[in-house]
């Protein structure tokens with residue numbers, strides 16, 4: 001295994017251990033295991049989704065991880081670990097920012113902020129990762145022109161959307177967002193997730209912008225609007241579990 | 001309370017209770033720094049860490065309006081000095097979060 005890949009993966013594993021410790025302390029053993037199990041599962045589903053979309057639409061796989069990255073079947077566990085890191089870290093750094101700068105907003109704002117934070121993580125990791133060939137983007141990938149160092153548009157768009165949608169589904173299922181009725185809440189959350197994750201399956205023969213990109217902005221703006229104006233019944237138990245009530249009551 | 005702060009004063013309790021999250025990000029920043037300097041040998045790539053560094057700062061301490069302006073100005077100067085205006089865009093989190101906070105103030109004031 002190339003030494004830089006080993007170094008990168010071992011450090012990422014150490015960071016994941018820290019994050020698991022945070023989850024264990026914050027939510028207790030059962031919820032920490034549930035959350036990390038869910039994130040691992042969704043990271044895997046995400047990678048399989050990308051493979052399936054490429055096969056069904058006869059388009060090349062957008063990126064290929066280095067063969068030295070840890071793999072389980074067709075799925076690169078290094079990349080799946082990256083999704084766990086991104087989704088969890090972005091969400092909880094978003095909570096820290098929200099507690100200081102955007103008080104009185106709710107879990108939907110946390111989700112919107114986590115998408116922005118994931119963009120920052122993505123940029124830092126991609127710029128270095130691409131040069132080390134931890135993974136390679138397809139030859140004809142387009143780049144974000146307004147930033148230096150060649151950041152692929154797929155990464156700009158894909159990382160933020162992935163952590164946003166994964167955490168949206170987790171929060172919906174765990175805290176009953178959107179409806180006090182559990183099955184209805186699960187149905188809305190799953191539908192939003194499947195709509196986004198599956199949008200690109202309809203693009204066979206499609207030459208324009210990938211369909212999911214028409215959903216990214218409405219999802220983000222919707223989350224910001226709900227972050228201010230969501231009625232209490234849409235928030236389920238998120239306020240209690242994620243400390244929104246305490247934030248309002250506590251004087252820092 | 002610092003009147004110039006964009007948000008309330010830093011809450012030490014928050015950081016004590018959540019140190020693992022910034023800790024994991026710091027591990028990531030250190031690893032990327034080592035890779036950029038040691039393996040790739042391109043110190044200029046350290047600038048790619050700037051957006052994330054700003055967001056970590058926002059998470060662990062309150063940033064003032066002056067911080068946001070200084071951050072944006074700093075990268076604008078860098079862009080002008082190198083004649084590479086994409087460097088100026090590296091400051092993007094500062095104006096984005098300043099706008100979000102300004103919107104937040106307006107919405108909170110609205111009836």
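The values are calculated or read from the model by the stated rules, or taken from the named source; none is laboratory data. This structure is a prediction, so every number in the text was calculated from the model and none was measured. So basically every Cβ, Gly included, is an ideal-geometry build from the backbone, and we count neighbours across all protein chains shown.
Of the residues that sit in the range B:30-46 and are within 7 Å of chain A (Cβ to nearest Cβ) and under 14 Å from residue A:149 (Cα atoms), which one is surrounded by the most Cβ atoms within 10 Å (Cβ to Cβ)?
B:36
With the requirement that a residue be more than 7 Å from chain B (Cβ to nearest Cβ) and either touching a helix residue (DSSP H, G or I) at 6+ places or on another chain (Cβ under 6 Å) or assigned to a loop (DSSP other than H, G, I, E, B) (or both), what does the range A:138-153 give you?
Within the range A:138-153, A:138, A:139, A:140, A:141, A:142, A:144, A:145, A:150, A:151 qualify.
The rows are residues; the columns are (1) surrounded by fewer than 22 Cβ atoms within 10 Å (Cβ to Cβ); (2) more than 8 Å from chain B (Cβ to nearest Cβ); (3) assigned to a helix (DSSP H, G or I); (4) touching a strand residue (DSSP E or B) at 6+ places or on another chain (Cβ under 7 Å).
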site: A:81; (1), (2), (3), (4): yes, yes, yes, no
site: A:86; (1), (2), (3), (4): no, yes, yes, no
site: A:92; (1), (2), (3), (4): no, no, yes, no
site: A:98; (1), (2), (3), (4): no, yes, yes, no
site: A:110; (1), (2), (3), (4): no, yes, yes, no
site: A:119; (1), (2), (3), (4): no, no, yes, no
site: A:123; (1), (2), (3), (4): no, no, yes, no
site: A:131; (1), (2), (3), (4): yes, no, yes, no
site: A:136; (1), (2), (3), (4): yes, yes, no, yes
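Provide a single number: the residues in the range B:56-66 that are part of a helix (DSSP H, G or I) and either touching a strand residue (DSSP E or B) at 6+ places or on another chain (Cβ under 9 Å) or at pLDDT 95 or above (or both).
1
Among the residues of the range B:88-97, is any over 26 Å from residue A:110 (Cβ atoms), modelled with pLDDT under 95 and more than 7 Å from every other protein chain (Cβ to nearest Cβ)?
no
Given the condition more than 14 Å from chain B (Cβ to nearest Cβ), under 21 Å from residue A:140 (Cα atoms), at pLDDT 85 or above and in contact with a strand residue (DSSP E or B) (Cβ under 9 Å, 6 or more places away or on another chain), answer yes or no: does some residue in the range A:54-72 qualify?
No, the range A:54-72 contains no residue that is more than 14 Å from chain B (Cβ to nearest Cβ), under 21 Å from residue A:140 (Cα atoms), at pLDDT 85 or above and in contact with a strand residue (DSSP E or B) (Cβ under 9 Å, 6 or more places away or on another chain).
Within the group A:47, A:4, which residue is in contact with a strand residue (DSSP E or B) (Cβ under 9 Å, 6 or more places away or on another chain), surrounded by 16 or more Cβ atoms within 10 Å (Cβ to Cβ) and at pLDDT below 90?
Residue meeting the stated conditions: A:47.
Checking the conditions here, which among A:6, A:15 is assigned to a helix (DSSP H, G or I) and more than 9 Å from chain B (Cβ to nearest Cβ)?
Going through A:6, A:15 in turn, the sole match is A:6.
So for the range A:32-39 (the condition being within 14 Å of another protein chain (Cβ to nearest Cβ), buried (at least 18 other Cβ atoms within 10 Å of the Cβ), assigned to a helix (DSSP H, G or I) and free of Cβ contacts under 8 Å to residues at least 12 places away in the same chain), does at least one residue qualify?
no
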